[in-house]
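**Student:** Here it is, the structure in full.
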Amino acid sequence: MKLVIVESPAKATTIGKFLGGNYKVKASFGHVRDLPKSASEIPASIKSKPWARLGVDVDGDFSAVYVVQKESRKNIAELKELCKNADEVILATDEDREGESISWHLLEVLKPKTPVKRIAFHEITRSAINEAMQHPRTVNEQLVRAQETRRILDRLFGYELSPVLWRKVRGKLSAGRVQSVALRLVVEREEERRAFNKSSYYDAEASLSKDGKTFKATLTTADGKRIATGKDFDPATGNLKPDEANRVVWLQENEANTLTGKMLKAIPWKVVRVEQKETRVRPYPPFITSTLQQVAGGALNFSPRKTMQVAQKLYEGVNLGNGSREGLITYMRTDSVTLSEKALQNAQVFIRAQYGEQYHQRRQYTTKSKMAQEAHEAIRPTQMGRPPEDIAAFLTRDELRLYELIWKRAVASQMADGIVLRTAVDIESADENHRAELRATGSVVVFPGFMRVSNDKQKD
């Protein structure tokens, strides 16, 4: 028997079906050890130390003191028994800092006497698991130390900042290396808001029609000067920025009414300029963790927590009928926008077969951020040729909506640019006492390109 240890029971169920009877797949239920959470968990050997409550030796080399979590003790005992009867132990936790750390802690606690292998994969499919089994490795100590450093920073910051939040905001709030920075950003933004000075300004819009079609035109200039907009004001003073004061017209309500009255009396207006320009609208890259959370928040009204919870279910595997359980998306914690060669080829086959060769354009996106670690590829469907409607019957409403978002974004990223003809019309209203211009804009999709499957703002 070969013992495979993963983080969650759902993942264990999916992987167990792929591996067969010679393997026993069990879950660690996440982390099995952590820094002491309460005074009762502090080991007797360090209780006399001034840093005991932190669980971190701040007087020495910042080494961490780990204890097996109370909720993990029963499961650890079961895993130890399984290790005794196993011919091999395979650690199959996620390939990120957290997953690597869990594997290391399991080794430290279980101390298996049989051979140990570490495998990693970015999607839970039969082919990905078989590939991982053929290329095992050892635990990456650098990733373990990186996670440990983050955890220690969380403790050092959190134990000082969290009590402040309890006193100043409300109880049961926690803070750490991330929340402390976020809190500062919120405070600085609030200080800007309080220092903001309001100003009112007016503009005008005309409703026009041609050949039975109605469109709008916005007032842009009056007597040769541009109409002031929000960007022309200084938020600290509420007045026009010094370099804009002589170049724009700051309309108050009575001035706007007077001007529009003059313009109405000057009808008919005349078209003085027509500009047409063909532009290309390129698809967004596939999702990374942050962009998935942002778009799911706007399009589906999901909180970041809910987005990741639903994505986790799609990643760990869904029963697709006949006992077939398979992961539907790749690992959802990533800062890379790149796609694997397999994904690029699958997208090409699907797009050309479904929409036509002219709609396909192979793209390999690259991450602009210098801080990106790119341990995984972008978030994408495990099978590009699996549209949402094919599996809708097996998903909950939230799972289907999020899967559809991920599928459309990934497929659209490999489609041809949309070509749009943009037209701007400048219209003049003038008499002996005034001269003003309005601008009406519109666009026509010449070639729909990626917009055939995209549902983000570029479609409009």
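**Student:** Dipole magnitude of the chain about its Cα centre, charges +1 at Lys/Arg Cβ and -1 at Asp/Glu Cβ only, in debye to the nearest 20?
**Tutor:** The dipole magnitude comes to about 1000 debye.
**Student:** In Å², and per residue, what accessible area does the chain have when probed at 1.4 Å with the other protein chains present?
**Tutor:** Result: 56 Å² of accessible area for each residue.
**Student:** Could I ask something else about it? Suppose every Lys and Arg Cβ carries +1 and every Asp and Glu Cβ carries -1, with no other charges. What dipole size does the range 272-328 come out with about its Cα centre, to the nearest 20 debye?
**Tutor:** About 160 debye.
**Student:** With +1 assigned to the C-beta of every Lys and Arg and -1 to the C-beta of every Asp and Glu, and no other charges, what is the dipole magnitude of the range 350-450 about the Cα centre in debye, to the nearest 20?
**Tutor:** 580
**Student:** Counting only C-alpha contacts under 8 Å and six or more residues apart, can you give the relative contact order of the range 294-416 as a whole percent?
**Tutor:** Taking the mean separation of contacting Cα pairs over the length of the range 294-416, I get 31 percent.
**Student:** Let me ask you something else. Residue by residue, what Karplus-based ³J(HN,Hα) values in Hz, rounded to whole numbers, does the range 31-36 have, using 6.51, -1.76 and 1.60 with θ = phi - 60° and x for Gly and Pro?
**Tutor:** For the range 31-36, the Karplus curve yields 5, 9, 9, 7, 5, x Hz.
**Student:** Of 384, 438, 50, which is farthest along the charge dipole of the chain in the positive direction, counting Lys and Arg as +1 and Asp and Glu as -1 at C-beta?
**Tutor:** The one lying farthest along the dipole's positive direction is 50.
**Student:** Mind ordering 433-443, 288-298, 89-99, 33-43 by average Cβ neighbours within 10 Å, highest first?
**Tutor:** By packing density, highest mean first, the sequence is 89-99, 288-298, 433-443, 33-43.
**Student:** Let me ask something else about it. According to a simple spin-label model (label point 7 Å from Cα along Cα-to-Cβ), what is the distance in nm between residue 365 and residue 193?
**Tutor:** Spacing of the two 7 Å Cα→Cβ label points: 3.1 nm.
**Student:** By per-residue mean of other Cβ atoms within 10 Å, what is the highest-first order of 232-244, 390-402?
**Tutor:** In descending order of packing, they fall as 390-402, 232-244.
**Student:** Further, regarding this structure: Can you pick out the pairs among 24/117; 231/277; 117/342; 84/117 whose Cα atoms lie more than 19 Å from each other?
**Tutor:** Pairs exceeding the cut-off: 231/277; 117/342.
**Student:** Return one number: the angle in degrees, 0 to 90 and rounded to the nearest 10, between the long axis of the Cα atoms of helix 397-412 and the longest principal axis of the Cα atoms of the chain.
**Tutor:** So the inclination is approximately 70 degrees.
**Student:** Residues in the range 409-438 near a label at residue 447, defined as backbone nitrogen under 13 Å from the 7 Å Cα→Cβ point?
**Tutor:** Backbone N within reach: 415-421.
**Student:** Please name whichever of 251, 343, 28 sits farthest to the positive end of the charge dipole of the chain, dipole taken about the Cα centre and charges placed at Cβ: Lys and Arg +1, Asp and Glu -1.
**Tutor:** 28
**Student:** Related question: Quick query: amide H of residue 220 versus all other amide H atoms, modeled in the peptide plane; which residues come in under 5 Å with a sequence gap of 5 or more or a different chain?
**Tutor:** Those qualifying (amide H under 5 Å, at least 5 residues apart or on another chain) are 437, 438, 439.
**Student:** Right, another one. Contour minus end-to-end for residue 205 and residue 258, with contour as 0.36 nm per residue of separation and end-to-end as the Cα-Cα distance?
**Tutor:** Result for the pair: 17.7 nm of gain on full extension.
**Student:** What residues have an amide H closer than 5 Å to that of residue 325, excluding those fewer than 5 places away on the same chain, when H is modeled at 1.01 Å from N in the peptide plane?
**Tutor:** 320
**Student:** Would you mind checking which residues have amide H under 5 Å from residue 249's amide H? H placed 1.01 Å from N; only 5 or more apart, or other chain.
**Tutor:** The list, which skips near neighbours in sequence, is 226, 227, 228.
**Student:** Applying 1/(1 + (r/R0)^6) with R0 = 45 Å to the Cβ-Cβ distance of residue 181 and residue 245, what FRET efficiency is obtained, to the nearest 0.05?
**Tutor:** 0.75
**Student:** Among (1) 21, 41, 18, 17, 3, 0; (2) 18, 39, 29, 13, 2; (3) 24, 54, 21, 1, which one is P(r) over Cα pairs in 20 Å bins from 0, in percent computed from these coordinates?
**Tutor:** Computing P(r) over Cα pairs in 20 Å bins from 0, in percent and matching it to (1) 21, 41, 18, 17, 3, 0; (2) 18, 39, 29, 13, 2; (3) 24, 54, 21, 1 gives (2).
**Student:** For the chain, which whole-number percentage of the solvent-accessible area (1.4 Å probe, protein heavy atoms only) is attributable to carbon and sulfur atoms?
**Tutor:** Roughly 50 percent of what the probe reaches on the chain is carbon or sulfur.
**Student:** Which listed residue (195, 309, 423) has the Cα farthest towards the positive end of the charge dipole for the chain, taking +1 on Lys and Arg C-beta and -1 on Asp and Glu C-beta about the Cα centre?
**Tutor:** Positive-most Cα among the choices belongs to 309.
**Student:** Let me ask something else about it. Restricting to bridges with both residues inside the chain, how much of the DSSP beta-bridge set is antiparallel, in percent to the nearest 5?
**Tutor:** Taking every DSSP beta bridge with both residues in the chain, the antiparallel ones total about 75 percent.
**Student:** Taking Cα pairs under 8 Å and at least six residues apart, what relative contact order does the chain come out at, in percent?
**Tutor:** Result for the chain is 14 percent.
**Student:** Would you mind checking the tilt of helix 304-316 against the longest principal axis of the Cα atoms of the chain, expressed as 0 to 90 degrees and rounded to 10?
**Tutor:** 50
The values are calculated or read from the model by the stated rules, or taken from the named source; none is laboratory data. The model shown is predicted, which means the values in this text are computed figures rather than measured ones. Note that we place each Cβ from the backbone using ideal geometry, even for glycine, and neighbour counts take in every protein chain shown. Accessible surface areas use protein heavy atoms only, side chains included; no ligands, DNA or RNA. Shrake-Rupley method; radii C 1.70, N 1.55, O 1.52, S 1.80 Å.
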